Amino acid sequence: MVGIGITGFVLSLALALVLTPLVKKFAFLVGAIDKPNHRKVHTRIMPRLGGLSFYASFTVIILLLLPLIPEHWFSAHDKRLIGALLTGGSLIVLLGALDDRFQLSAKLKLLVQIAAACVVVFGFDIRMDFVNIPFGADSQSLTEWISIPLTIFWIVGVTNAINLIDGLDGLAAGVSGIAISSILVMSALMGQGTVVILCAVLLGGIIGFLFFNFHPAKIFMGDSGALFLGFALAMLSMLGFKQITVVSFVTPLLLIGVPLSDTFFAIIRRRVQKKPIFEPDKGHLHHCLQQLGFSHRKTVLIIYGVAAFFGACAVLQSVFSNSGVGNWLTFVVICVLLVLLQIGAELIGIVDKSKRPILNFLARMRVKETAGTRSK
C-alpha cells in the first residue's frame, strides 16, 4: 500500500494546486469573502471557501484509487471508515461552505456537526469501543451509553478546535498537516494500510493548498476547510488503530495538542475574565505570540514547531505503548507536557498576564537560593 499512498499523495497535491485558483475565483463570484475587522489580522478583502480545494482533491483521488486496491486489502471496518469519512465529511463541508457565504448561527452549525457525528456513529457503526488507560488493564470495553456520547463529543469537539486556531495564514492547514503526518507515521509502523492511504491523500491536498494559503495568503480555507480538517482529524486520530482493538487514551490528545490546549486556555481565560465561553477574543496562542513581537510568519512557524513536538510525543507514546515501559512513559509525558503548557501559558499570558503562579514560585525559590548563598 506504500506505492498507492505515494501515488495518492502526488495526485492529490497536483489536483489541489489546480483547483485552488479556481476556487478562489468561485469564492469572489458567489460573494464568499472575509472582510477585515478589529479581531482579524488581514487588512484586505480575502476569498474564503479554500477548503473546497483540498476536500475535492481528497474525495476525487480516494474514489479513483479505491477500484485499484485489491478487495482483500480492506476489512469491513476499513470500508465503514472510508464511507463515514466521505459521507460525514461532505456534510461538514456543505455546512462550512454555507457558513462561508451566509454566516450561519452558532447553534445551527453545532446541530449539523452533531448530525454528522451521528451519521458516523449510527450510520456506519463507528465508535470508541475500547480505551487504553495508563496503569489500567490492557483494554477497557465501553458500554454503548458511554461510547456513543463520547464518540459524538470527540468528533464535535475536535472539529471545532481546528476552527478556533484558524487565525493566521497557513496556521490551521499547517498544524493539521503535521497532525495528519504523525498519524500517517504511526499507522505505517502498525501496518494500518487504509489509514496510511487516507492520510497520504489528505496530506497531499493540504500541502497543495498551503502554496496559496501560507503568508501572505491568497485565499483562506474558511469554515469549509477548518471544519473538514477538524472532522477528518477527529476520525483518523480516534480510529487509526482500531484494528488492534485499542484507542489510546493519550495519543489522540497529543495529536491535536495545539488546538486542544488553545481551546482549553480560551475557556479558562473567558471564565477568569467573566466573559461568555463562545465570545470571540484576541487572546489565542497566535495573538499572544504576535503581541510579544513575533512576525506573522515567525508566529506560524513557532506554532508549527509546537505541533511537531506534540506529534513526536504521540509517535513515541504509540511506539512504546505495548512495551513494559509504555505506561510509565505515558505518565511522564503527561506530567512534563502539563508543566510545560502551564509555564508556556504564563510566559505568553494566554490566560491572564498578571497571574503566573509557577513562574512566581520559581522566582521566589531563586531569591531564597540567592539569599542562602550570600549568607554563607
- Message: I'd like the full set of residues that are open to solvent by less than 60 Å² (accessible area, probe 1.4 Å) and closer than 18 Å to Leu347 by Cβ, limited to region 281-293.
- Response: Gly283, His284, Leu285, His286, His287, Cys288, Leu289, Gln290
- Extreme residue, modelled with the lowest pLDDT, among residues of region 151-160 that are buried (at least 24 other Cβ atoms within 10 Å of the Cβ) and among the hydrophobic types (A, V, I, L, M, F, W, C): Val158
- Please specify each residue of region 161-192 satisfying the condition of being open to solvent by 30 Å² or more (accessible area, probe 1.4 Å) and not in a loop (DSSP other than H, G, I, E, B). Asn163, Leu164, Ile178, Ser181, Leu184, Val185, Ala188, Leu189
- Item | Tabulated pairs, region 197-219, first closer than 18 Å to Asp166 by Cβ and touching a residue at least 60 places away in the same chain (Cβ under 8 Å), second open to solvent by 10 Å² or more (accessible area, probe 1.4 Å) and basic (Lys, Arg), C-beta under 6 angstrom, 6+ apart or interchain | Phe212/Lys218; His215/Arg297; Ile219/Lys24
- Within the set of pairs 6+ apart or on separate chains, which have a first residue in region 29-41 that is under 15 Å from Asp169 (Cβ atoms), a second that is in a loop (DSSP other than H, G, I, E, B) and modelled with pLDDT of 85 or more, and C-beta atoms under 6 Å apart? Asp34/Arg48; Asp34/Phe220
- Message: Tell me whether region 324-338 contains one or more residues that are surrounded by fewer than 19 Cβ atoms within 10 Å (Cβ to Cβ), over 24 Å from the mean Cα position of the chain (by Cα) and either modelled with pLDDT of 75 or more or outside any helix (DSSP H, G or I) (or both).
- Response: yes
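For region 1-102, which fully contained helices (runs of 4 or more DSSP H) count at least 1 residues that are at pLDDT 95 or above and among the basic types (Lys, Arg)? Talk me through it step by step, then tell me what you get.
Details: elements: 2-30, 51-65, 76-102.
Filter on region 1-102 gives 2-30.
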- Query: Assuming Ala234 fulfils every condition listed in (1) modelled with pLDDT of 80 or more; (2) more than 20 Å from Leu150 (Cβ to Cβ); (3) open to solvent by less than 20 Å² (accessible area, probe 1.4 Å) apart from one, which condition is it?
  - Reply: (2)
- Query: Considering region 294-323 alone, what residues qualify as being open to solvent by 80 Å² or more (accessible area, probe 1.4 Å) and either modelled with pLDDT of 80 or more or not in a helix (DSSP H, G or I) (or both)?
  - Reply: Phe294, Arg297, Lys298, Leu301, Phe309, Asn322
- Query: Which residues, counting only those in region 123-140, are more than 22 Å from Gln317 (Cβ to Cβ) and either surrounded by fewer than 17 Cβ atoms within 10 Å (Cβ to Cβ) or at pLDDT 85 or above (or both)?
  - Reply: Gly123, Phe124, Asp125, Ile126
- Message: With the requirement that a residue be surrounded by 24 or more Cβ atoms within 10 Å (Cβ to Cβ) and not in a helix (DSSP H, G or I), what does region 193-231 give you?
- Response: Ile219, Phe220, Met221
- Task: Can you run down the residue pairs with Cβ atoms below 6 Å, 6 or more apart or on separate chains, where the first is in region 313-335 and within 16 Å of Ala188 (Cα to Cα) and the partner is modelled with pLDDT of 75 or more and open to solvent by less than 50 Å² (accessible area, probe 1.4 Å)?
- Result: Ala314/Ser182; Val315/Ser182; Val315/Met186; Ser318/Met186
- Within region 103-130, residues over 18 Å from Gly157 (Cβ atoms), outside any loop (DSSP other than H, G, I, E, B) and small (Gly, Ala, Ser) come out as Gly123
- Message: Please count how many residues of region 110-122 are free of Cβ contacts under 8 Å to residues at least 60 places away in the same chain and open to solvent by less than 60 Å² (accessible area, probe 1.4 Å).
- Response: 6
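Look at region 155-176 and say how many of its residues are over 18 Å from Val93 (Cα atoms) and not charged (D, E, K, R). Give the steps one after another, and end with the answer.
From region 155-176, those over 18 Å from Val93 (Cα atoms) are 167-171, 174-175; that's our starting set.
Next cut, not charged (D, E, K, R) only: 167-168, 170-171, 174-175.
Within region 155-176, residues that are over 18 Å from Val93 (Cα atoms) and not charged (D, E, K, R) number 6.
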- Go through region 64-85 residue by residue and tally those that are in contact with a Leu (Cβ under 8 Å, 6 or more places away or on another chain) and open to solvent by 20 Å² or more (accessible area, probe 1.4 Å). 1
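The values are calculated or read from the model by the stated rules, or taken from the named source; none is laboratory data. Keep in mind that what you see is a predicted model, and the values were worked out from it rather than measured. Cβ sites come from the backbone with ideal geometry, for glycine too, and all protein chains shown count toward neighbours. Heads up: the accessible areas ignore ligands, DNA and RNA and are worked out on the full protein's heavy atoms, side chains in. Shrake-Rupley method; radii C 1.70, N 1.55, O 1.52, S 1.80 Å.
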